[in-house]
Amino acid sequence: MSSALCRLNAVLPPGARRAPVARAHARSCLRCQAMEARRRGLRRGLDALGDEVLAAPPYLAAAVMSRLGDQRSRPGRPRRDARLARIAAAGAGVGAAAAAAVLTGVALRKARTPA
Ligand SMILES: [Zn+2]
């Protein structure tokens, strides 16, 4: 059970409203606490950048365009439709995981409720 709640806590964005069972799990799970600490550290790092804009090194644009050109000429490069299908499948997977997590929370709540 904790594995499913760990995954749920991992996919929900920071600040998202969580089921009480997921919140209780996060308070007692070292894995979830470590993940949240990493998120906080990343957020602090990004916040520290503020409005700072870094100038790209002069060679970067040419290097990126050169790599993109190489990608297009590769014979094994997946077609755009295939890539979009993979992205849609990944999105559906995340949605299914979120739905399963919600259903698990509902089932756990019903199991706790005295008849
Ligand atoms: Zn956890």
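The values are calculated or read from the model by the stated rules, or taken from the named source; none is laboratory data. Keep in mind the model is a prediction, meaning the values are calculated, not measured. Positions of Cβ are backbone-derived with ideal geometry, glycine not excepted, and every protein chain shown enters the neighbour counts.
Note on segment 78-101: residues that are of a type in the set (A, V, I, L, M) and over 20 Å from Ala19 (Cα atoms) total 8.
A single entry from Leu46, Leu42 fulfils the requirement of being loosely packed, with under 10 Cβ neighbours inside 10 Å, within 18 Å of the chain's Cα centre (by Cα) and more than 8 Å from the ligand (Cβ to nearest atom): Leu46. Look at segment 29-44: where a residue is under 16 Å from Arg7 (Cβ atoms) and a partner is hydroxyl-bearing (Ser, Thr, Tyr), sitting 6+ places away or on another chain with Cβ atoms under 7 Å, you get Cys29/Ser2. Suppose we keep only residues that are surrounded by fewer than 15 Cβ atoms within 10 Å (Cβ to Cβ) and of a type in the set (D, E, K, R) within segment 8-30. Which one would you say is farthest from the chain's Cα centre (by Cα)? Once the filter is applied, the top-ranked residue is Arg27. For the residues Ala88, Ala56, Ala63, Ala82, the requirement of being at pLDDT below 85, among the hydrophobic types (A, V, I, L, M, F, W, C), more than 30 Å from Leu103 (Cα to Cα) and more than 16 Å from the ligand (Cβ to nearest atom) singles out Ala82. Just so you know, in segment 6-39 the residues that are assigned to a loop (DSSP other than H, G, I, E, B) and within 13 Å of the ligand (Cβ to nearest atom) include one that is farthest from Ala100 (Cα to Cα), and it is Cys29. Every test in (1) surrounded by fewer than 13 Cβ atoms within 10 Å (Cβ to Cβ); (2) modelled with pLDDT of 80 or more is passed by Ala96 save one, and that test is (2).
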